[in-house]
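Structure, as structure tokens:
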Amino acid sequence: MASVPAPVVETKIVRRPYFDMATAERKTKEVTVTLPEKPASLELALAAVGGDQARLLTVIHDGLKKDAVKTAKANIVLGENEIPSGIVAKFIVGFLPMFSGEKTKADARKKAIAFVRGNEGIMAAFKAFVANEIAKGATDEDEDDKDDE
């Protein structure tokens, strides 16, 4: 008798940033959530939402909206000198500690980008990094996921 493979359990770490008034620090709490399996039928999907048809339609609609946005974003063509911001963020993050004295994170990012642009050697490394990320099929999806958290 052939053995049936065990179902793959998919999990996701969900993070919630907060400001701790006692320590005056920005912190993050996280929890690992077990994601539901994809239902094999509409009946199982309905059962997964406790038989609530309106809730099932909402879940389907939310998925359709997210898919429409993802498809639209994928169809936006960037020019030769335009790079997805998620790729830029991956590279720039290593330079942010150099500018930790700035008033805001946005100011630190601007200074880090200016630093990279002003250094020929680092700019060459950046261009190689971008080419590699694009070749790997990197997108801004990770950046979009942050909006959901």
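Readers should treat all values here as calculations from the given coordinates under stated rules, not as data from a laboratory. Just so it is clear, the structure is predicted and the values come from calculations on it, not from any experiment. Neighbour counts are summed over all protein chains in view; Cβ atoms, including those assigned to glycine, are modelled from backbone coordinates with ideal geometry.
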Quiz item: Ranking Met21, Met123 by Cβ neighbours within 10 Å, fewest first, what do you get?
Solution: Met21, Met123
Practice problem: Give the distance, in whole Å, between the Cα centre of segment 34-60 and the Cα centre of segment 89-107. | Solution: 43 Å
Quiz item: Which listed residue (Gly63, Phe126, Ser3) has the Cα farthest towards the positive end of the charge dipole for the chain, taking +1 on Lys and Arg C-beta and -1 on Asp and Glu C-beta about the Cα centre?
Solution: Phe126
Quiz item: Across the chain, how large is the tail of the calculated P(r) beyond 20 Å, expressed as a percent of all Cα pairs?
Solution: 69 percent
Self-check item: MRE, 222 nm, helices only [DSSP H, n ≥ 4, -39500 (n - 2.57), over the chain, to nearest 500]
Solution: -15500 deg cm²/dmol
Quiz item: Within the chain, which complete DSSP H helices have Cα atoms spanning at least 20 Å along the helix axis and a mean Kyte-Doolittle hydropathy of 0.5 or higher?
Solution: 120-135
Practice problem: Considering only Val77, Val116, Val93, give the residue with the highest GNM mean-square fluctuation for the chain, with springs between Cα atoms whenever their separation is below 10 Å. | Solution: Val77
Exercise. Excluding residues fewer than 8 places away in the same chain, name every one of the lysines whose C-alpha is closer than 21 Å to that of Lys27.
Key: Lys12, Lys90, Lys103, Lys105, Lys146
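Take the eigenvalues of the Cα gyration tensor for segment 10-76, scale each by 5, and report the square roots as semi-axes in whole Å, largest first. Could you put the intermediate results ahead of the total?
Details: eigenvalues 202, 78, 28 Å².
Working through the eigenvalues yields semi-axes of 32, 20, 12 Å.
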Quiz item: Under the definition of Cα pairs under 8 Å and six or more residues apart, what whole-number percent is the relative contact order of the chain?
Solution: 17 percent
